Amino acid sequence: MLAQSQPPAAPTSQTSADAGQADTGGALQEIVVTVNKRRENMQDVPIAISAISQSDLAAHGIENTLDVAAAVPGLTMQGSMNGLEAHLRGVGTTAIAAGEENSIATYIDGVYIASLSGSLLQLSNIQQIEVDKGPQGTLFGRNATGGVISITTKDPSHTFGGSTALSYGNYDTVVTSSYLTGGLTETLAADLAFYFSNQGDGYGHNLYTGDEIQKNQDLAARSKWLFTPSSTDTLTFAIDFERSHSSTLDAFRDVYGHPTNWGPGAPQPTGQPFLYTGGPWDINDYLDPFDDFKQKGASLNYRHDFSFAHLTDIVAYRDAEKNLYWSSIPIPTKANTAGWFERERQISEELRIVSPEDSIIKWHRWSRCASSCGDVI
C-alpha cells in the first residue's frame, strides 16, 4: 500500500447501537442516522441499526457493497452473475432473473436501487452507511422485508480540499481512489469522486486462445453539485457512472489430466477422449468468458425548510446494462456457448414532509412513485 505508511488505527466511532465508548472522557459518541427520514441520534431510535462511518470503512477495508458484511453482524453479501444477493438475519433472495428485486432494499442518497446488479457499488466517497435490521416497509415501502441498506455520500464543501490513495498488489493490480471538492460561487459547491482498479495479470489462461483470464477491472465516477440559493432552500444534483469488466465467468472446468468424451469441435459425445492439461484456474474454451456491467444514474434532491416541517422531493433516473458470455462445456467448440444481455431502466420520485428535529411530536408523510422495466436477450 503506497498511500498508507502504517495500518489504519482501530475505529473510534461506534458501529452499532450497543457500541462502546469514545476515547475522551468515556462518553458515548453521538451517531446521527436517518432511518426515520430525519436526522436523529441513533441512541434515540428504537430500531436495530448498524452505522458505518467513513473511518470505519477504511479500518475494515471496505471498498464496495459486497464488503459491507464484514462490519455488520447478521448481514451476508454474495455476488452472482446477476448482481448483489444480500441476506439480513436470514432474509433475502437468491433469484437471478431480470427484473427481480432484493428483499433487502438498497438506497444511495435517498434513491432506491431496484436492479440487483445496480446494488453492486464501489464506495469511494461515502460519508456513512446505515443498515436497518428487520422489516422497514412502513418507511421504505415494499422490498424492505428484511431491512434496508442506506448509503450516504459526502456533500460538497465550499472549502477546497480533497484526498487521494494509490495501492499496488499481487497479479499486477493497481487501485487508485481520489476525491476533490470546493466552492464555485457563494451559493454553489461541487465535488468529484473517482475510483479505478485494474488487475494486470490473470489468475489463469485460456489454453485455446492463449489469453490471460480471471482478471477484473472497475471504473467508477460520481459528482454532486450543491446549490443553496437561500437559508431555507437546498438543491442537490448528483450524477454517477460505473463499469466493471471481468473474465472470471467460466461455468465449467475439467480436472487436470481428466479425459472426457466431449471432443474438440464435436457438439455431441463421439467417444473421442479429450484430455484437459490446464491448471486449476485455466480453461480451454473457444472464446474468453466475460462479464461486462455498466450503470449510470442522475438524481435531483430539493429541500425546503418551513417553520413547521421539512419538505423533500427526490427525482431520479437509473440505467443498468449487463452482458455475459461463457461456454457451457469445457472444450474449444462453438457448440453450447451461453450468455445473455440484460438492460434495466428506472424512474422514481419520492416526496416527503417531516416534522423538525426539535419538534416534541414526531410525524411524517411520504409518497414514492417508481417505474422500472427490463429487457433480456
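The values are calculated or read from the model by the stated rules, or taken from the named source; none is laboratory data. As the structure is a computational prediction, the values presented were derived from the model and not from experiment. Cβ atoms come from the backbone with ideal geometry, glycine included; neighbour counts cover every protein chain shown.
With respect to the conditions (1) in a strand (DSSP E or B); (2) at pLDDT below 85; (3) surrounded by 15 or more Cβ atoms within 10 Å (Cβ to Cβ), G278 falls short on a single one, namely (1). Taking (1) assigned to a strand (DSSP E or B); (2) surrounded by 19 or more Cβ atoms within 10 Å (Cβ to Cβ); (3) not assigned by TED's automatic domain parsing to the domain that holds Y317 in turn, Q127 satisfies each apart from (2). Of the residues making up region 179-188, those that are touching a strand residue (DSSP E or B) at 6+ places or on another chain (Cβ under 8 Å), hydroxyl-bearing (S, T, Y) and outside any strand (DSSP E or B) number 1. Selection within region 317-332: residues that are surrounded by fewer than 18 Cβ atoms within 10 Å (Cβ to Cβ) and farther than 16 Å from S247 by Cα. The member of this set that is modelled with the lowest pLDDT is D319.
Looking at (1) farther than 27 Å from R243 by Cα; (2) within 14 Å of the chain's Cα centre (by Cα), find the lone condition where S119 falls short. Failed condition: (1).
One residue stands out in region 303-332 among those that are outside any strand (DSSP E or B) and within 30 Å of T228 (Cα to Cα): the one that is nearest to the chain's Cα centre (by Cα), namely A309. Mind listing whichever residues of region 156-204 are surrounded by 16 or more Cβ atoms within 10 Å (Cβ to Cβ) and more than 22 Å from I126 (Cβ to Cβ)? Those that are surrounded by 16 or more Cβ atoms within 10 Å (Cβ to Cβ) and more than 22 Å from I126 (Cβ to Cβ): Q199, G202, Y203, G204.
Within the bounds of region 159-178, is there any residue that is under 29 Å from D233 (Cβ atoms), part of a strand (DSSP E or B), in contact (Cβ under 8 Å) with a residue 40 or more places away in the chain and over 13 Å from the mean Cα position of the chain (by Cα)? No, every residue in region 159-178 fails to be under 29 Å from D233 (Cβ atoms), part of a strand (DSSP E or B), in contact (Cβ under 8 Å) with a residue 40 or more places away in the chain and over 13 Å from the mean Cα position of the chain (by Cα).
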